[in-house]
Amino acid sequence: MATAWTFHKGIRTIGGTVIEIDVDGHRLIFDMGRGFEPGSVIFDHELKPRGIRDLRRLGVAPAVDGIFAGDGTRDDRPTMIAVSHMHLDHMGFIPYLRADVPVLMSEDSHRLLQALDAVHDGPRTPLDIRAVAVDSLTSWGPFTIECVAVDHDCPGTTAFFITAGDLRFVYSADLRQHGKHPDYTLDFARRAHDFKPDVLFIEGTRADSEDNDHTIAETDLAQRIGDAARSTKAGVYVLFYPRHPERVDSFRAAAASSERELVLQPAHAYIYAQFGGNLTGVSLYSADLAAARPELQAWVARSGLPSVSPEDLRGSEHRFIVDMTYPRMVDFVDIEPAAGGIFLHCNGTPLGPYDPNWNNLMHWLQTFQLDFTYVGSTGHGSRTDILSLVTTIAPRVLMPIHSKSPERIGLTTVPRLMPAYGRVYTKADIDDAKCPTEADLQPLAD
């Protein structure tokens with residue numbers, strides 16, 4: 001069986017990974033995400049794409065024929081898509097897939113996808129989902145795929161162990177060792193070593209962060225947020241990514257320790273509940289619920305949870321920790337935050353100074369005199385973390401992806417191939433791969 005692989009997206013970008021492995025006319029593609037590249041914004045809230053043809057033409061979507069509905073292309077090769085987790089930079093293009101293209105993911109990823117659909121943040125399109133248990137084997141054509149849990153700031157995240165013809169591949173997905181489940185990532189590395197991969201595709205998001213000296217561990221967030229809440233008698237607002245529902249546990253603990261009540265956006269409370277979250281003592285933010293999807297409105301009615309409106313918060317902010325999204329910041333006009341309030345950024349959107357909306361977020365906070373503090377925990381390991389995993393796994397060849405500085409991910413003892421677009425890789429490339437030198441591992445000049 002002749003095995004070949006190509007990179008369609010995800011080289012020198014954070015996310016947007018799209019890798020294709022081909023064995024005797026069968027294609028396995030992973031992931032199907034939209035990379036975050038704010039420096040090359042083409043579409044926005046006014047200039048919107050009409051469909052996948054527009055996204056492909058402008059290079060936003062991967063140029064893969066025969067998988068997207070209505071793009072006018074054809075490729076009759078049997079194809080499966082595998083999705084490691086539900087962050088947009090790994091699954092953002094699945095709404096455009098043809099309904100007959102199977103999509104493999106973990107059971108928890110599927111659960112999150114269904115929850116996102118219910119709150120108007122999912123694909124809401126017919127998809128051939130193949131939800132599988134972690135550690136189970138899936139046979140499809142000449143491929144065998146195993147989903148292996150790793151720790152990331154998104155439930156259901158899995159690496160893939162892939163047997164493809166005469167070669168074995170490991171795809172790390174996104175992972176870390178400073179979350180609440182470091183054992184997932186360490187066990188993944190040990191099992192990947194035993195799998196003996198010919199090729200390891202590993203993320204390098206934080207390739208320029210040598211260690212975790214300035215990284216907040218997920219287990220420290222409740223204390224950090226609680227300390228911040230106890231430091232003020234004014235309002236406390238948190239901004240987080242709802243696709244990480246486990247983080248709500250930290251908000252609940254912080255609210256309890258600061259004798260405040262946690263107020264969640266209804267959509268975020270719904271997602272949290274789907275993963276067994278404890279909503280005892282939680283209230284729902286009531287602004288604009290009339291615009292919510294019927295599924296969400298029905299759940300809110302069944303929940304019996306009390307509601308808190310912007311008007312309720314005015315003059316009473318000291319009683320609450322409030323889940324505040326960027327679009328809902330307009331409600332500060334009605335709340336009129338008291339002096340001394342704080343705004344805690346817990347990895348929500350806007351993501352950082354590179355995000356086009358970041359400056360506007362800062363302007364709003366300054367206007368309403370809310371002090372900004374970052375209290376988040378990244379979902380990605382440092383360079384040292386990633387290299388320790390590579391050492392444990394010991395692949396025949398390393399291929400770093402999902403990074404602005406992939407040249408920083410490597411060891412002088414492990415052969416490496418730097419991915420390139422438009423190139424078809426084969427077993428011969430593995431045989432010819434060389435170990436990088438120390439000079440090769442330094443950042444490239446701008």
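The values are calculated or read from the model by the stated rules, or taken from the named source; none is laboratory data. Predicted model, so just to flag it, every value in this text is computed and none were measured. Ideal geometry is used to build each Cβ from the backbone, glycine not excepted, and the neighbour counts take in all protein chains shown.
General remarks:
- Residues that are closer than 25 Å to ILE216 by Cβ and not in a loop (DSSP other than H, G, I, E, B) within the stretch 401-422 comprise just one, ARG408.
- Picking from residues in the stretch 356-394 that are closer than 30 Å to PRO182 by Cα and of a type in the set (Phe, Trp, Tyr), the one that is surrounded by the fewest Cβ atoms within 10 Å (Cβ to Cβ) is TYR374.
- Selected residue [of a type in the set (Val, Ile, Thr) and farther than 27 Å from PRO197 by Cβ] from THR125, THR138: THR125
- Contact map, the stretch 166-190: residues that are among the polar types (S, T, N, Q) paired with residues that are part of a helix (DSSP H, G or I), Cβ distance under 6 Å, separation 6+ or inter-chain. Pairs shown: GLN177/THR185; GLN177/ASP385.
- Lone qualifier among LEU28, LEU58 - being within 24 Å of THR426 (Cβ to Cβ) and assigned by TED's automatic domain parsing to the domain that holds ARG98: LEU28
- Residue in the stretch 321-328 that is touching a residue at least 40 places away in the same chain (Cβ under 8 Å), assigned by TED's automatic domain parsing to the domain that holds PHE240, hydroxyl-bearing (Ser, Thr, Tyr) and in contact with a Pro (Cβ under 7 Å, 6 or more places away or on another chain) present: yes
- Total residues in the stretch 116-130, condition farther than 18 Å from THR79 by Cβ and not in a loop (DSSP other than H, G, I, E, B): 3
- Exactly one residue out of LYS404, LYS427, LYS434 is farther than 16 Å from ARG12 by Cα and in contact (Cβ under 8 Å) with a residue 40 or more places away in the chain: that is LYS427.
- Those residues of the stretch 292-330 which are of a type in the set (Gly, Ala, Ser) and more than 23 Å from GLN114 (Cα to Cα), in sequence order: SER307, SER309, GLY315, SER316
- Qualifying positions in the stretch 356-394 - closer than 19 Å to ASP187 by Cα and of a type in the set (A, V, I, L, M): ILE386, LEU387, LEU389, VAL390, ILE393, ALA394
- Leading residue by the ranking (farthest from THR158 (Cα to Cα)) among those in the stretch 98-139 that are of a type in the set (A, V, I, L, M), exposed (fewer than 14 other Cβ atoms within 10 Å of the Cβ) and touching a residue at least 24 places away in the same chain (Cβ under 8 Å): ALA99
One line per residue, one yes/no per condition, for (1) of a type outside the set (Ser, Thr, Tyr); (2) not in a helix (DSSP H, G or I):
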{"position": "ALA290", "(1), (2)": "yes, no"}
{"position": "GLN297", "(1), (2)": "yes, no"}
{"position": "LEU305", "(1), (2)": "yes, yes"}
{"position": "ASP312", "(1), (2)": "yes, no"}
{"position": "THR325", "(1), (2)": "no, yes"}
{"position": "VAL330", "(1), (2)": "yes, no"}
{"position": "PRO350", "(1), (2)": "yes, yes"}
{"position": "PRO356", "(1), (2)": "yes, yes"}
{"position": "ASN359", "(1), (2)": "yes, no"}
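- Checked against (1) within 28 Å of THR157 (Cα to Cα); (2) of a type outside the set (Ser, Thr, Tyr); (3) touching a strand residue (DSSP E or B) at 6+ places or on another chain (Cβ under 8 Å), ASN278 passes all but a single condition, namely (3).
Results for (1) free of Cβ contacts under 8 Å to residues at least 60 places away in the same chain; (2) touching a helix residue (DSSP H, G or I) at 6+ places or on another chain (Cβ under 9 Å), shown as yes or no for each residue.
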| residue | (1), (2) |
| --- | --- |
| ASP331 | yes, yes |
| ILE342 | no, yes |
| ASN347 | no, yes |
| LEU361 | yes, yes |
| TYR374 | yes, no |
| HIS380 | no, yes |
| THR392 | no, yes |
| PRO395 | no, yes |
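- Filter result (modelled with pLDDT of 95 or more and surrounded by fewer than 17 Cβ atoms within 10 Å (Cβ to Cβ)) within the stretch 397-417: LEU411, THR412, THR413
- Qualifying residue in the stretch 136-148 (condition: assigned by TED's automatic domain parsing to the domain that holds ILE81, in a loop (DSSP other than H, G, I, E, B), closer than 30 Å to THR219 by Cα and over 17 Å from the mean Cα position of the chain (by Cα)): yes
Yes/no matrix, rows are residues, columns are (1) touching a His at 6+ places or on another chain (Cβ under 8 Å); (2) modelled with pLDDT under 95; (3) not β-branched (Val, Ile, Thr):
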site: ILE271; (1), (2), (3): no, no, no
site: ALA291; (1), (2), (3): no, yes, yes
site: PHE320; (1), (2), (3): no, no, yes
site: ASP331; (1), (2), (3): no, no, yes
site: GLY352; (1), (2), (3): no, yes, yes
site: MET362; (1), (2), (3): no, no, yes
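- ASP65 being within 26 Å of THR163 (Cα to Cα) and surrounded by fewer than 21 Cβ atoms within 10 Å (Cβ to Cβ): yes
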